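To start, I am sharing the structure in question, which I have written as C-alpha cells.
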Amino acid sequence: MLKFLIVVFATLSCYSTFAQEEARATAAAPATAAAGTTADIKIGEARTKKSLLAFPALNYQGSPSGSYQTVGADLYNTINNDLTVSAFFQMIPQKAFLEDTAKVGLRPAPGEPNGFKFQSWSTIGAEFLIRAGYFLAGGEVNMEAYVYHVGKSQLVMGKKYKGPVSSTRKLAHTFANDVLEALTGKTGMFNSKIVVGSDKGVGDYKEIFIMDWDGANPEKISSHRSISLSPAWSPDGKRVAYTSYVVRSKTKMRNADMFLYNIASGKRDLISFRQGLNSGACFAPDNKTIYLTISQQGAPDLYKMSFDGSLQGKITNGPNSAMNVEPAVSPDGSKVAFSSDRSGRPMIYTMNSDGSNVKRITFAGVYNSTPSWSPDGKKIAFAGQSEDHFDIFVMNSDGTNMIRLTSAKKTNGKWSTNEDPSFSPDGRFVMYTSNRTGKNQIFISTVDGTEERRVTLDDANYYKPKWSGNFD
Amino acid sequence: MSAVKKRLIKDDDLLKGLKVSLGLHIALVAAFTVRAVFFAPEKIDYSTAVRVDIVGLPDKMQEQQLPPKQEEAPKPQPVKPEPAPKAPPKEAKVEKPAKAPPKKDAEAINLDKDKNKQKEALEKLKAMAAIEEMKKEAQKDKEPKKVAGVGDTQSQATKIKGNVLAAGTALTGLNKLQHDNYLSSLDQKIKQHWSLPEWLANKPLRAQVRVKIDDKGSILSREIVLSSGNSSYDEYALEAIDKSAPFAAPPEKFVTIVAVNGLVIGFPE
C-alpha cells in the first residue's frame, strides 16, 4: 500500500457546521413534537431534492511548472465525480457561471480584495459553492478548499490539504468526504476500495485486484496464473481472503484453495486446502474468524475457521445433502445469510452464527444467491433470477419489502445479467457486476434503485466485487 | 297365450329386480350415513403440504412509482359536516343568474315561447331572493366570524382537530367554503415548493411558520413560530413559502384575518 501523507494542517474555520445542528435537532425532536399549535395548513412531508452545487475548476496558486495541469484536472475530476455520485447534488454546468473564477479569489469579496461575489452565485440558483485552489511544492500537492452556503453568504467548511503528488486522488476523496460530513453529518464513502477478481491484463486467467471505489488505481495482488475468485475484506481492511484454483505439487491436480493475503506486508498464507471447494470467504466482525464453504464430504456446507486455517465448526449440515454456500455475516456478527437449495431451488436463508434458527427469507424467483448485508444490518441485497438472467434486489433482512435495483438490456436487446451485490460502507449504494456492455463491468446503484452508474470503464471483466469499509 | 304368460313372468322378474335394487341402494345410503355420523373421518394432514413458491420477482420501480411522500395532504381541507351542507345547493342557485344573460339572446329568437320566459323569470327571482338571503347571512356572520377566527388560531386551537378555522360555529355556509378553498389553494401552492435535500428528509423534524398576507396576496411577513431546532430545516420551510408567493388574493371577508393574525403553516404539520 502507498503511504499517504495527507496533513490537514489547518481547519481554517468551521462556523455553523450543519452536522452539529443535526445532532441538536435529533435530540430536540421529541420535545418539539409535543409543542406547537395546530397549523391552519399542514403541508405534509417534503419531496427530496438535490441541492444545486457550483464547483468551478481549481485555481492554480503557484508558478506554472511540471505536471500541475494534470494534478489540477485529477483533483477536479475526482471531487466532481464523488459529489455527483453522492446523489445529494445537482452540479451546475460551468457555462452557467457568471464569474471568471480563475481571476477572483477563493474567499468572498467584502472580506478579501478581489474576492468572489455571492451574488454571482445566488443569481444562477446555486445553493452551495465550492472554491478551491492548489499549488505544487517539493513533490507535494497543497490544496485549500472552501464550501459556502450561498443563500446565507456563509462559510460552511474550509480546510487545507497536503500530500505527495501520487496521492492526489486520495486527497480529493478526503475533501469530498469532508464536504459530505459538513453538510449531512455523515462522512462519504470516497476513500473506500474494491477487491475484485478480474482478467484485466492477465489474458485467460483471473487474478485478484484492489482498486479505489471509483475504479482508479487498480493493483494486482495475486499472480497464481490461474482462476482466482471470491475475494473478501477483513473488517480492518488489512487482509484479503480469496480462493484460487492452484496446482497441488503432489497430485498435479488443481483444487480451489483459500489464501489469506496481508496487504501491508504482502505475505500470503494458504489457509484452507481441503479436497474440493474452499471458497466464499466472509470475515466475521471479530476480525478473527472466517466463514467459508467447504465441500470435503460431498455437498458444500458452511464452516467457521480461524485465520490459521483450523476449523471452529461446521454450521450447516444438509439436509439431504443440499448445498449451503455463500455465507454473509451480519455486521454485528450475530447472523449469517447464505444461499441453499434445500427447498429445491437455491434461495436465501438466514441463521444465527452458530447455525441455529435457520429461516428461509426469499420465496420469489427461481434462483437467489449471493446475499450481502447493509452496514446497519437492516437490509440484504442479493442476485435473483426469475427468467434467464440475474438482477440485483434489496430487501429487509427478514425478507420483506423487496425492491429491484437493476433492469437493463444489452445492446443486442437481450436482458443483461447483474450479479454479486455488495453494499457501500455508508449503506447508500450497492455495487455489482453487469454484462450489459458486453463485458462484466462494475456498476453501482443507489440503494433505492433510482440512480445507476458504471464504475469501471475498460475492456476487462470483473467478478464478485466486494466493497471495503472506509479507509482514513 | 304363451306370449302373454311370458310377458307376465317377465314383469314379475322386473319387479323383483327393482325391489332388490331399491333395497341395496337404501342399504348403501344407510351404510354411508352411519359411517358419516358415527365414525369420525380421517384427519387430513395439512402440515406437510408443500409451500408453493412465487416465481416472479418484483419489477424495477420508476421514480414516479415510488410511494408518494405527501400522500396525506392532497385531500383538500376536510369539510366538516356541520351547518355547511346547506351551502352547496344555495351556491348552485347563485350561479344561475350568471348563466342567464347568454340565454336572453336565445329567447329573443324564440319569441313565441312565453312559458319558458315566465319560468326563467321565476327562477331568476328565486335566485335573487337566495342571494339576498346569503348576503344577509354573510353580514350576520361577519362580526362573530372575525372574533372566532382569532380565537381559533390561538386559544381554542388545541381543542380542534383538522381545520381550525372551521371549528364550532365560526364559519358556515359560503364563508366556510370560501375559506376552505382559499386555504387549500395556499396549501397546493406551497406544497409544490416544499422540498428538502436527502439528508434532512426522513428526519423527525417539524417547523411552523406564521405568514401574514395582504389583500393582494403578497407576503407581509413570515416568521418561524415553532422551530425544528435545525436552522437549515427552518430556512427550507421559509424558502418554500417565499417561492410560493404571491398567493391568490384572500376573499374579502378574510383579508383582516390573514393580514393581521396570519396563518400558521406546518411543515409537515
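Of everything in region A:101-144, what is surrounded by 19 or more Cβ atoms within 10 Å (Cβ to Cβ), acidic (Asp, Glu) and more than 15 Å from A:Gly62 (Cα to Cα)? Give them in sequence order.
Residue satisfying the conditions is A:Glu127 alone.
If a residue has to be farther than 20 Å from A:Ile442 by Cβ and among the hydroxyl-bearing types (Ser, Thr, Tyr) to count, how many in region A:374-431 make the cut?
Matching residues across region A:374-431 total 3.
Turning to a different aspect of this structure: In region A:34-82, which residues are in a helix (DSSP H, G or I) and not β-branched (Val, Ile, Thr)? If you could, list the steps in order and put the result at the bottom.
Of the residues in region A:34-82, the ones in a helix (DSSP H, G or I) are A:34, A:68-82.
Once the filter is applied, which keeps residues that are in a helix (DSSP H, G or I) and not β-branched (Val, Ile, Thr), region A:34-82 yields A:Ala34, A:Tyr68, A:Gln69, A:Gly72, A:Ala73, A:Asp74, A:Leu75, A:Tyr76, A:Asn77, A:Asn80, A:Asn81, A:Asp82.
So A:Arg248 fits all but one of (1) buried (at least 21 other Cβ atoms within 10 Å of the Cβ); (2) at pLDDT below 95; what number is the exception?
If we test A:Arg248 against (1) buried (at least 21 other Cβ atoms within 10 Å of the Cβ); (2) at pLDDT below 95, just (1) comes out false.
Yes/no per residue for (1) in a loop (DSSP other than H, G, I, E, B); (2) surrounded by 13 or more Cβ atoms within 10 Å (Cβ to Cβ); (3) not aliphatic (A, V, I, L, M):
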residue: A:Tyr261; (1), (2), (3): no, yes, yes
residue: A:Ser265; (1), (2), (3): yes, no, yes
residue: A:Gly276; (1), (2), (3): yes, yes, yes
residue: A:Ser279; (1), (2), (3): no, yes, yes
residue: A:Gly298; (1), (2), (3): yes, no, yes
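Being under 30 Å from A:Arg428 (Cβ atoms) and facing chain A (nearest Cβ under 7 Å) is the filter here; which residues of region B:181-202 pass it?
Let us first name the residues in region B:181-202 that are under 30 Å from A:Arg428 (Cβ atoms), namely B:190-202.
Those that are under 30 Å from A:Arg428 (Cβ atoms) and facing chain A (nearest Cβ under 7 Å): B:Ile190, B:Lys191, B:Trp194, B:Ser195, B:Leu196, B:Pro197, B:Glu198, B:Trp199, B:Ala201.
Please pick out the residue among A:Val165, A:Val147 that is buried (at least 20 other Cβ atoms within 10 Å of the Cβ), touching a residue at least 12 places away in the same chain (Cβ under 8 Å) and assigned by TED's automatic domain parsing to the domain that holds A:Phe89.
Values: A:Val165 fails: buried (at least 20 other Cβ atoms within 10 Å of the Cβ).
None of the others qualify; the one that does is A:Val147.
Could we say that A:Gln154 is within 14 Å of chain B (Cβ to nearest Cβ), of a type in the set (S, T, N, Q) and either within 25 Å of B:Ser232 (Cβ to Cβ) or in contact with a helix residue (DSSP H, G or I) (Cβ under 9 Å, 6 or more places away or on another chain) (or both) here?
Numbers: within 14 Å of chain B (Cβ to nearest Cβ): yes; of a type in the set (S, T, N, Q): yes; either within 25 Å of B:Ser232 (Cβ to Cβ) or in contact with a helix residue (DSSP H, G or I) (Cβ under 9 Å, 6 or more places away or on another chain) (or both): yes.
So A:Gln154 passes the test.
Another question, then. Can you find a residue that is within 23 Å of A:Ala460 (Cβ to Cβ), among the hydroxyl-bearing types (Ser, Thr, Tyr) and under 25 Å from the mean Cα position of the chain (by Cα) anywhere in region A:187-196?
Yes, that holds for at least one residue.
On the basis of being more than 14 Å from chain B (Cβ to nearest Cβ) and either at pLDDT below 80 or out of contact with any Leu (no Cβ under 8 Å at 6 or more places or on another chain) (or both), does A:Ser65 make the cut? Break it down into steps so the answer makes sense when it comes.
On the way: more than 14 Å from chain B (Cβ to nearest Cβ): yes; either at pLDDT below 80 or out of contact with any Leu (no Cβ under 8 Å at 6 or more places or on another chain) (or both): yes.
Considered against the rule, which asks whether it is more than 14 Å from chain B (Cβ to nearest Cβ) and either at pLDDT below 80 or out of contact with any Leu (no Cβ under 8 Å at 6 or more places or on another chain) (or both), A:Ser65 comes out as yes.
Table: residues versus (1) surrounded by 17 or more Cβ atoms within 10 Å (Cβ to Cβ); (2) within 11 Å of another protein chain (Cβ to nearest Cβ); (3) at pLDDT below 90.
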| site | (1), (2), (3) |
| --- | --- |
| B:His179 | yes, yes, yes |
| B:Ile213 | yes, no, no |
| B:Tyr236 | yes, yes, no |
| B:Val255 | no, no, yes |
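The rows are residues; the columns are (1) more than 30 Å from A:Leu260 (Cα to Cα); (2) of a type in the set (Ser, Thr, Tyr); (3) at pLDDT 95 or above; (4) buried (at least 22 other Cβ atoms within 10 Å of the Cβ).
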site	(1), (2), (3), (4)
A:Gly158	yes, no, yes, yes
A:Thr174	no, yes, yes, yes
A:Leu183	yes, no, no, yes
A:Gly203	no, no, no, no
A:Asp212	no, no, yes, no
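Filter region B:257-269 for residues that are hydrophobic (A, V, I, L, M, F, W, C) and crowded, with 16+ Cβ neighbours inside 10 Å and give the result. Steps first, please.
Within region B:257-269, the subset hydrophobic (A, V, I, L, M, F, W, C) is B:257-260, B:263-265, B:267.
Within region B:257-269, B:Ile257, B:Val258, B:Leu263, B:Val264, B:Ile265, B:Phe267 qualify.
Could you identify the single residue in A:Tyr205, A:Tyr245 that is closer than 19 Å to A:Thr293 by Cβ and more than 14 Å from chain B (Cβ to nearest Cβ)? Spell out how you get there, then give the answer.
Details: A:Tyr205 fails: closer than 19 Å to A:Thr293 by Cβ.
Every option except A:Tyr245 fails the conditions.
Kindly provide the set of residues from region A:360-384 that are of a type in the set (Phe, Trp, Tyr) and either over 10 Å from A:Met347 (Cα atoms) or crowded, with 19+ Cβ neighbours inside 10 Å (or both), ordered by number.
Within region A:360-384, the subset of a type in the set (Phe, Trp, Tyr) is A:363, A:367, A:373, A:382.
Once the filter is applied, which keeps residues that are of a type in the set (Phe, Trp, Tyr) and either over 10 Å from A:Met347 (Cα atoms) or crowded, with 19+ Cβ neighbours inside 10 Å (or both), region A:360-384 yields A:Trp373, A:Phe382.
Right, next: I'd like to check something: does region A:337-345 contain any residue that is assigned to a loop (DSSP other than H, G, I, E, B) and touching a Ser or Thr at 6+ places or on another chain (Cβ under 8 Å)?
Going residue by residue through region A:337-345, those that are assigned to a loop (DSSP other than H, G, I, E, B) are A:341-345.
If we keep only those that are touching a Ser or Thr at 6+ places or on another chain (Cβ under 8 Å) too, we end up with none.
No, there is no match, as no residue in region A:337-345 is assigned to a loop (DSSP other than H, G, I, E, B) and touching a Ser or Thr at 6+ places or on another chain (Cβ under 8 Å).
Conditions tested, residue by residue: (1) outside the structural domain of A:Asn461 (by TED's automatic domain parsing); (2) farther than 21 Å from A:Leu302 by Cβ; (3) under 20 Å from the mean Cα position of the chain (by Cα).
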residue: A:Asp354; (1), (2), (3): no, no, no
residue: A:Asn368; (1), (2), (3): no, no, no
residue: A:Ile380; (1), (2), (3): no, no, yes
residue: A:Glu387; (1), (2), (3): no, yes, no
residue: A:Asp391; (1), (2), (3): no, yes, yes
residue: A:Thr417; (1), (2), (3): no, yes, no
residue: A:Pro421; (1), (2), (3): no, no, yes
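Tell me, please, whether a residue that is part of a helix (DSSP H, G or I) and either at pLDDT 90 or above or aromatic (Phe, Trp, Tyr) (or both) can be found in region B:38-56. Write out each step before concluding.
Step one: filter region B:38-56 for residues part of a helix (DSSP H, G or I), giving B:38.
Next, only the ones that are either at pLDDT 90 or above or aromatic (Phe, Trp, Tyr) (or both) stay: B:38.
The answer is yes; a qualifying residue exists.
Has region B:231-244 got at least one residue that is aromatic (Phe, Trp, Tyr) and either closer than 26 Å to B:Gln178 by Cα or touching a Cys at 6+ places or on another chain (Cβ under 8 Å) (or both)? Give the derivation first.
Step one: list which residues in region B:231-244 are aromatic (Phe, Trp, Tyr), which gives B:233, B:236.
Restricting the remaining residues to those that are either closer than 26 Å to B:Gln178 by Cα or touching a Cys at 6+ places or on another chain (Cβ under 8 Å) (or both) gives none.
Looking for residues that are aromatic (Phe, Trp, Tyr) and either closer than 26 Å to B:Gln178 by Cα or touching a Cys at 6+ places or on another chain (Cβ under 8 Å) (or both), one finds none in region B:231-244, hence no.
Now for a separate question. Quick check on region A:385-413: of everything there that is among the acidic types (Asp, Glu) and surrounded by fewer than 24 Cβ atoms within 10 Å (Cβ to Cβ), which residue is farthest from the other protein chains (Cβ to nearest Cβ)? Full working, then the answer.
The first filter runs over region A:385-413 and keeps only residues among the acidic types (Asp, Glu), leaving A:387-388, A:391, A:398.
The next check asks that each one be surrounded by fewer than 24 Cβ atoms within 10 Å (Cβ to Cβ); those that pass are A:387-388, A:398.
Working: A:Glu387: 9, A:Asp388: 13, A:Asp398: 16 Å.
Applying the filter and picking the extreme gives A:Asp398.
On the given criteria, is A:Phe89 touching a strand residue (DSSP E or B) at 6+ places or on another chain (Cβ under 6 Å) and either of a type in the set (A, V, I, L, M) or under 23 Å from B:Glu198 (Cβ atoms) (or both)? Write out each step before concluding.
Working: touching a strand residue (DSSP E or B) at 6+ places or on another chain (Cβ under 6 Å): yes; either of a type in the set (A, V, I, L, M) or under 23 Å from B:Glu198 (Cβ atoms) (or both): yes.
Yes; evaluated as a whole, the condition is true for this residue.
Report yes if some residue within region A:414-429 is at pLDDT 90 or above, at the interface with chain B (Cβ under 9 Å from one of its Cβ atoms) and either in contact with a helix residue (DSSP H, G or I) (Cβ under 7 Å, 6 or more places away or on another chain) or crowded, with 24+ Cβ neighbours inside 10 Å (or both); otherwise report no.
no
The values are calculated or read from the model by the stated rules, or taken from the named source; none is laboratory data. Source: prediction; values computed, not measured. In this analysis, Cβ positions are derived from the backbone assuming ideal geometry, glycine residues included, and neighbour counts consider all displayed protein chains.
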